[in-house]
Structures are given as structure tokens and as C-alpha cells.
Amino acid sequence: MSSKSSHKSSGTAKTKSSSSRNTASPYPALETPRLLLKPVELADAPQIQTLFPQWEIVRYLRNIVPWPYPPGGSLYYLREMALPAIARGDAWHWTLRLKENPGQVIGFISLMKNENENRGFWMGLQWQGCGLMSEACDVVTEYWFEVLKFPVLRAPKAVENSASRRISEKQGMRVIATEERDYVCGRLPSEIWEITAEEWRARKKVRS
Ligand SMILES: CC(C)(COP(=O)(O)OP(=O)(O)OC[C@H]1O[C@@H](n2cnc3c(N)ncnc32)[C@H](O)[C@@H]1OP(=O)(O)O)[C@@H](O)C(=O)NCCC(=O)NCCS
């Protein structure tokens, strides 16, 4: 994995103009055709608390997510886990918002330095199935390889999590291992998906 200093280098991921950047954040906002990806802040906790605690969203997440989800769970997560990891340079978390309604959080996407778990995401129920997470994954994967300069991205997922596996397939990822993992819904057969920086760049060339 790359050193901390390379995380400051500039790259080709599309970032928001400096005027709309969150100046308190060590990393930029990103955008896709339909989405704004805004570095997460403590102030996002109430909206996340409203959207996130749904069985359809949490069931295939790692069992470190408490269930039933407690009042104040999102505030605790942001204050004690997500923001400290950002400050250490170990994670990059963005809220997802539609450009047409930027005040409304609709989902969440993360990049993390962990060995086999470098990307995670969830989308609010009413915005699922519109291709939005596919868009968000493209721009954060680009950020992972071209700005943060990591050589490989890996993501574990439950075999039965078809929507998440489909996103990996569409991004040209490969399954490199299978194992049992513990999710909020219990222990399930899982796959580790991977794509290297070289594969990501080759795929971009073919598509352009
Ligand atoms: C996974 C998740 C983020 C996908 O978000 P989304 O915005 O609905 O994703 P997209 O609309 O970009 O769809 C992704 C692909 O999955 C497909 N898909 C969606 N639901 C599916 C299902 N139940 N079965 C099979 N494919 C499905 C879509 O058709 C699309 O493929 P396509 O472009 O070939 O049509 C969303 O389902 C979610 O939040 N799940 C709960 C959290 C979670 O499991 N996170 C991942 C943990 S590894």
C-alpha cells in the first residue's frame, strides 16, 4: 500500500471546484453526472440516522454494525470511528447527494486502507436501483487508484448480495478468494473481489 504522502498527490478523479470544497476536510468532494459526493461531517449524523437503519441496508454489512440500530448510532459511528479514521489517513468517507437536491443525503461510500476491505457503500432504499451507486463507485475507484495511488482495491461481499456483486462485475473486478464472513444477518459464504490499478487503467482505455 502506498505511503501517506502519496495521498496528497493530484490525480484525474473529477473533483469539485475549490469554491465548493469542504475546507475542513483533508480530501475533496467528488462528482458524477448525477451525484455530489461530499466528505462526511458530524452534521450529517441526523440524516444518516434516518436513512440507514433498514434491514435491507444493514443485513449484508459486517456484524460490527449494531442491530437493532440504537438511537445516536450514526453520531457515535461518525465521532468515534469514521472521523478519527479520516484524521489518521486510514479512510475516506463521502455522503452521496443528488445534484438536483444537494441538501439531502441519499447514501454513503467509503474507501479504507484495510487489507481486504477497501471500499464499502450503502444507498437509501428509495434511491436504489437507479444506477446511482454504480456512478459513485466509478468515481471513488478512480480516486483510489489515480489520486491515492494504491496498487489494488479489494472488497468482500456476501455471495447472496447480488446488487453489490453486480457492481463489482460491472467494474471489471475478479473473485480472488471465498470464505465465510459474519454479517448483521449471520455467517454467510462470501467472496473477496479485486481489481488492480493496471486492470482499472486498461479497462478505461478500452472504454474510452
Ligand atoms: C448494493 C447497493 C449499494 C446498490 O445500490 P444501487 O444504487 O441500487 O446500485 P445500482 O442501481 O447502481 O445497481 C447495481 C447493479 O445491481 C443490479 N441489481 C440491483 N438489485 C439487484 C438484485 N436484487 N439482484 C440482482 N441484481 C441487482 C442492478 O440492476 C445494477 O446492475 P445493471 O446496471 O446491470 O442493471 C444497494 O443495494 C444497497 O445499499 N444495499 C445494502 C447495503 C450493501 O449491501 N452494501 C454493500 C455491502 S458489500
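The values are calculated or read from the model by the stated rules, or taken from the named source; none is laboratory data. Here the structure is a predicted model, which means the values were calculated and not measured. All Cβ positions, glycine included, derive from the backbone under ideal geometry; neighbour counts span all protein chains shown.
Key figures
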quantity	calculated
Unique residue being closer than 20 Å to K38 by Cβ and out of contact with any Ser or Thr (no Cβ under 7 Å at 6 or more places or on another chain) when the list is T141, T196	T141
The lone exception for G131 - which of (1) more than 9 Å from the ligand (Cβ to nearest atom); (2) surrounded by fewer than 17 Cβ atoms within 10 Å (Cβ to Cβ) it fails	(1)
Number of positions in region 145-159 that are surrounded by fewer than 22 Cβ atoms within 10 Å (Cβ to Cβ) and free of Cβ contacts under 8 Å to residues at least 40 places away in the same chain	1
Options Y69, Y76, Y27, Y60; residue that is more than 19 Å from M123 (Cα to Cα), in contact with a Phe, Trp or Tyr (Cβ under 8 Å, 6 or more places away or on another chain) and of a type in the set (F, W, Y)	Y27
Selected residue (only one of R154, R119, R201, R207 is at pLDDT below 95 and either within 15 Å of the ligand (Cβ to nearest atom) or in contact with a helix residue (DSSP H, G or I) (Cβ under 9 Å, 6 or more places away or on another chain) (or both))	R207
Matching entry among G124, G103 (being under 24 Å from P28 (Cα atoms), within 12 Å of the ligand (Cβ to nearest atom) and at pLDDT 95 or above)	G124
Verdict on R166 being more than 19 Å from the chain's Cα centre (by Cα) and within 16 Å of the ligand (Cβ to nearest atom)	no
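Listed here are the residues, each with its yes/no results for (1) buried (at least 19 other Cβ atoms within 10 Å of the Cβ); (2) modelled with pLDDT under 95; (3) touching a strand residue (DSSP E or B) at 6+ places or on another chain (Cβ under 9 Å); (4) of a type in the set (F, W, Y).
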{"site": "P53", "(1), (2), (3), (4)": "no, no, no, no"}
{"site": "Y69", "(1), (2), (3), (4)": "no, no, no, yes"}
{"site": "S74", "(1), (2), (3), (4)": "yes, no, no, no"}
{"site": "T95", "(1), (2), (3), (4)": "yes, no, yes, no"}
{"site": "F108", "(1), (2), (3), (4)": "yes, no, yes, yes"}
{"site": "E115", "(1), (2), (3), (4)": "no, yes, yes, no"}
